[in-house]
Each structure stands twice: as C-alpha cells, then as structure tokens.
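Structure, as structure tokens:
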Amino acid sequence: MPDDMDLSQFKDMFVSEAKENLSRLNASLLELEKNFNDKDLLNEIFRVAHTLKGMSATMGYEEVAALTHEMENVLDVLRKGDVKTTENIVEILFNCFDTLELLVEKIINDDKKHYEIRPILDKLKSALEAKIEPEIKPAAPEQTKEEVPQTAPSPSGGTAVAEKEQAIKLRTESVRIKVEHLDKLMNLVGELVINKLRLTQIANQHKISELSSTVAQFDRISVDLQEQVLKTRMVPVKHIFERYPRMVRDLSKLLKKEIEFQVIGSEIEIDRTLLEEINEPLVHLLRNSVDHGIESMEERTKAGKSLSGLVKLIARREKGFCIIEVNDDGKGMDVLEIRQKAVEKEIISREHADNLTENETFMLICHPSFSTAKEVTNISGRGVGMDVVKNLVESFNGKLEIRSKKGVGSTFTMYLPLTLAIIQALLVIVSGEKYAIPLNNITEISIIDPAYIKTIENKEVLLLRDEVIPLIRLRKLFSMPDSDNIIKDSYAVIVEIRETKIGLVVDSLFRQQEIVIKTLSGILKNAKNFSGATVLGDGSVILIFDVASVM
C-alpha cells in the first residue's frame, strides 16, 4: 500500500466492523465466564482480537493494534492449554474490552489525545508471567491458518471453490448504508405519498378516468415502495439488547447478588429512530430490577427462593406495536407502601389514594421525585428516572404499563409503535380546521348525546356504558371562535393511554388516512398539544394531535 495513501476514507468502514467485532467479543466473554474450559469460545475470542489487530494496524491505529496484539498472546496460551483460564484472567479480558470500546470511541470523535494503555498491557503480561517460565513470543501476523478449520479438498479442488463461491455470495447479500441516506430516502417516499394523495384528489374532482386508472396503479407501487423503505429503517433490537448482559453482570458483582439474565426476542425489528431513544429507559429499568427488584441472597433464602435471581428482557410484536418487557422475580412492590409514600410527599391526597386502582397506584412511581428506596446509591434510588421512562415512551405515542406483586416480582412493559415516519390517523374537524389524531391511540368513536353528559367537580364527563370518561372540547382547548354556520361538538373520539381514557370532542369526522409525520421546528418546536404536522393532498398543512400531552 502506498505510503501517501489517504486511509481516512475507510474510517467509517473500520468503525462499523470494529463495533461488530466488539459485540462478538463481549458476547463471547460473557459465555466464557460461565465455562472456562470452552476451547471454541477461546478460539472465537482469539479470532476477534486477531481481526481487530489486523484492521487497526492497516489503518494506523497503533493503540488498538498494540492492545489486541497482547490479547492474542494471552489467548494463544489459554487455548493451547498451557495456562488455565481463571476468573481473574477473564476479568482482565473484560477490562481490555472496555479499553477497546474507549479507543474506538476516540477514533469516532477524532480525538488525538494519547490514551495510556500501558497499565492494561502490564495486567495482561502479569496474568501469564506468574505461571509461565519461557517468555511468550508475539504471534506473527501472517500465522492465521490455525484459526479457521480446514476442510479436506476433493481431488478436483471442488470443495475449496464451492466454499469460496459461498463466501462471495454471503458477502454480497448485504451492504452498509449511511443512516442519513435512509432518512433522505424516507423523506422522498413521504413526498411521494403526499403527491399521490394530491393526484387522487384531482382525479376524483375532475372525474378523469385515465388519470384515476394511472393513480390506482401508482398507489399500488407507492405502497410497495413505502413498505420496502420502511423495512430498511427497521433494525433488530439485538443491536442494543446485546449491551445489557455485561451491564447486568457488572451490577450483580458490585451488589454481590447472583442474577440470571435472559434475553428473549432479540430478533424483533423496530424503527432505527426508536431504537436509539429506548436505550436510556431500558438501562434505567434494568438497573432498578437488579438494585431494587432482586433481593440479596440472604433475603431470598429467608423467602424460600433460589439464591439466583432472574431478570428477563423480552421483545415481541403485537397489533402494530413492538412490546418490550423487563421483569424480575424479586420482592415486588407494595401497593399500600406506594400510596402512603405518595401521600407523605403530597403527590395525592389520602382520599384520592384510597380510591386508586392497583394499576393507577403503580403508575405513581413515575411521578417526578417519587422513590421508595430506603437509601440512595450510585445505581438508583434518587427518585429520578421513571418519569423520564414514561415521558419518552409517551412521546412516541406509546404507553408504559407496570404490574407487580409483593414477594413475587415486577414487570415493566413498553408499548412502542413499529415506525414513526408514516402512520394511520383519523382526520377530524374542529371549528372548520382539520386535525389528525393517531389511530393507535383511538379505542372508539361515540356520537355526542347531551343526555349522557354530566358534570363532576366542574368537569364534563361522558357516561359511556359502564364507564365515566372525562371530556375535552378541542374547540375550547384551542380557544377557537364559535360560529353559527358550523356543526358543533358532534362526536367524542375516545383515546387511551396507560388504561386511562378521555373523550376528545370534535365537530365532525373527515376520514381515516395514512399521513407522513413532519416534525415541528423553529418557534413551533415546543408547541403544546401537538407532536408534528402533515401535508394533505390539496397541499394544506394540518397539525397532529399529541394525546399524551393532553393526558
């Protein structure tokens, strides 16, 4: 390779592949900790270290190359059986992984500051020198044959050729694409959807049969295109789930607890934008389960439970939602204790607390500054976090549910839409203006009958079958002027979040329609009661109602 060749153009590719290899390394180390004698895992970790060393050396990232080179030396001795794998050695390898993550992050941020890796290199050497007489010789970069099991070739060499062809085929089945390109593509598809609606409107208005036929075909193609583009934005939740086993492992050691951590459904796919946002809520929920949920080994013994606590992270799909659960078999939450704490902190009155259902009581822990922790730790218990979890989930038109039973355990469930870019919505009219309400939040629509509208504590409610549903008249909420020539308050659109329902009173219903969400910016960025805007086929801009903010 020429000395003056610019390698910066390959930086993105290096970072992407380095992250994939670090993910494999983390997973393999977690498995190795359970079985020190697994030679296959040692070989896999060696291969990852060797790959990282080769990549970083080629790119000129000397710190990564030096560290992975020393890791190779240790791993080579371990896999040959010259030294037994111990808990101390695995812990040092975990430290190496942490250091490699920091070094890769430095590369991403173009941080030119020197990072001192000598302490971790000395740890690696001392882990072996105490048990090995001869000095360990560095593995030559070109000695890679032993890493890959060799298949005996046929006389014609057919096996080798077939393997090579298969490898080429596997490499070309996927390509790496920058996220910004996918976002631009999604925006263009959104514009197509808007123009499709415009063409449909023109064809219907002017009764042009040829145009109607063409638009119908265009509609089928655009729907297929939209589905395929949405799929490119969907990524498996394993991209963040694979971070958590290490976190749970470190916390359990810090708290001196035995915890079995299970991840189920990591193949479920979700919108890339959502995936980036749910990491913080999941970290908080998992920390809570490990710190507050799972009891100490002494407490579990007294309660007749197994010494090892169980924490599960589960993902599944249901009715257009991605459902993510964090549950544990710990001590659970006490309904009476939560109500008492809420009254002491003056969050609710005693009378109100006594009338709360079990589910409503559990949701009190999402109130800012609410905490039942007996002591504050650097892990959790400061009374912050659950409100952030709830607000984030609801900002995506999702919902959070909490279930718990004292002495049995707790389950936190997040209902998240699969995609944020294009949604189904109900268009309604209020004082002559159109608004969109996300269909995911709507449970039913009721015609307003004045006989079933009552007033409780100066607030209007609708008596619907066996339910009392609070009403919000959007015309009054938006301070819209009355007009004698329009129909007023004819329908109640019943929306639900967290098993709580309200009725949004509108003048009339327009239609159900697929809409493209455009985020609000500038002076409208912090507008209350609206989560975005969309453009209709006639070019008019309408606002999308934010159900969570009104709740």
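Structure data summary
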{"quantity": "Kirkwood-Stokes translational diffusion coefficient of the range 227-308, alpha-carbon pairs, 20 °C, 1.002 mPa s, µm²/s", "calculated": "149"}
{"quantity": "Heavy-atom accessible surface of the range 399-451: percent carbon and sulfur, 1.4 Å", "calculated": "54"}
{"quantity": "Centroid-to-centroid separation of the range 260-281 and the range 8-37 [C-alpha atoms, Å]", "calculated": "19"}
{"quantity": "By accessible area with a 1.4 Å probe, ligands and nucleic acids excluded, highest first: order of Leu225, Leu336", "calculated": "Leu336, Leu225"}
{"quantity": "Nitroxide proxy distance, nm - points 7 Å out along Cα→Cβ at Val408 and Val468", "calculated": "3.0"}
{"quantity": "Shape of the range 52-97, Cα gyration tensor, a/c cut at 1.5", "calculated": "oblate"}
{"quantity": "Gain in span if fully extended, Leu524 to Leu509, counting 0.36 nm per residue against the direct Cα distance", "calculated": "2.8 nm"}
{"quantity": "Ranked packing of 284-294, 21-31, 229-239, most packed first, by mean Cβ within 10 Å", "calculated": "284-294, 21-31, 229-239"}
{"quantity": "Sequence of His367, His114, His206 from largest to smallest accessible area, 1.4 Å probe", "calculated": "His114, His206, His367"}
{"quantity": "Rounded to the nearest 10 Å², the accessible area of Glu351 at probe 1.4 Å", "calculated": "140"}
{"quantity": "Residue-level accessible surface for Asp122, protein heavy atoms, 1.4 Å, Å²", "calculated": "70"}
{"quantity": "Gained length - Glu31 relative to Lys345, 0.36 nm times residue gap less alpha-carbon distance", "calculated": "108.5 nm"}
{"quantity": "For the range 410-470: rounded, prolate or oblate by the Cα gyration tensor [a/c cutoff 1.5]", "calculated": "oblate"}
{"quantity": "Solvent accessible area, Å² - Asp219, 1.4 Å probe, full protein context", "calculated": "60"}
{"quantity": "Backbone N within the range 106-125 under 19 Å of label point (7 Å from Val179 Cα along the Cβ vector)", "calculated": "106-111"}
{"quantity": "FRET E, pair Thr58, Asn279, Förster distance 35 Å, beta-carbon r, rounded to 0.05", "calculated": "0.65"}
{"quantity": "When the convex hull of its Cα atoms is projected in every direction, mean area for the range 40-124 (nm²)", "calculated": "5.3"}
{"quantity": "1.4 Å probe accessible area per residue over the range 239-314, in Å²", "calculated": "46"}
{"quantity": "Test item: Cα-centred dipole of the range 53-96, Lys/Arg +1 and Asp/Glu -1 on Cβ, debye", "calculated": "200"}
{"quantity": "Additional length obtainable on full extension of the chain from Asn204 to Met234, 0.36 nm per residue less Cα span", "calculated": "7.3 nm"}
{"quantity": "Inter-centroid distance (Cα atoms) of the range 313-340 relative to the range 207-227, Å", "calculated": "44"}
{"quantity": "Rounded percent of accessible protein surface that carbon and sulfur make up, the range 246-310, 1.4 Å probe", "calculated": "52"}
{"quantity": "List Met386, Met297, ordered by accessible area with a 1.4 Å probe, largest first", "calculated": "Met297, Met386"}
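The values are calculated or read from the model by the stated rules, or taken from the named source; none is laboratory data. For clarity, every value in this text was computed on a predicted model and none was experimentally measured. Note that each Cβ is placed from the backbone with ideal geometry, even for glycine, and that neighbours are counted across all protein chains shown. When the accessible area is computed, the model is the full protein with side chains, heavy atoms only, and any ligands, DNA or RNA have been set aside. Shrake-Rupley method; radii C 1.70, N 1.55, O 1.52, S 1.80 Å.
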